[in-house]
1. Quick one: in region 10-26, which of the residues that are open to solvent by 30 Å² or more (accessible area, probe 1.4 Å), outside any strand (DSSP E or B) and not hydrophobic (A, V, I, L, M, F, W, C) is farthest from D55 (Cα to Cα)?
2. So which residues in region 27-72 are modelled with pLDDT of 80 or more, hydrophobic (A, V, I, L, M, F, W, C), open to solvent by less than 60 Å² (accessible area, probe 1.4 Å) and under 20 Å from H3 (Cα atoms)?
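The values are calculated or read from the model by the stated rules, or taken from the named source; none is laboratory data. Everything quoted here is computed from the prediction, not taken from an experiment. To get the accessible areas, we keep the full protein, side chains included, count just its heavy atoms, and leave off ligands, DNA and RNA. Shrake-Rupley method; radii C 1.70, N 1.55, O 1.52, S 1.80 Å.
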Amino acid sequence: MNHEHTMVLESISPIGTEEWYCPVCERRLLKLSWHPDARSLVVQPGDEAAKHFLDGHLACNDDHLFDISDEQRLTPWVNQPG
């Protein structure tokens, strides 16, 4: 079984949030380069044993699983007028 998956950039929001997904295991994450913590939030875990690569670079193993506290903290940046 291949435990190295290459993620694909699906979209970039008007505020710069990148949405990535893995076509092999359906892992999904949001890359928040504009967020004060500058981290990635895992929206759907997929195969957690696999190494996931974004643009040829290994994704952090400490990606944070998205939860309700993240939704509340990110509210000021969501749906901002463009």
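1. Looking at the filtered set, the residue picked out is P14.
2. L29, V42, A50, F53, L54
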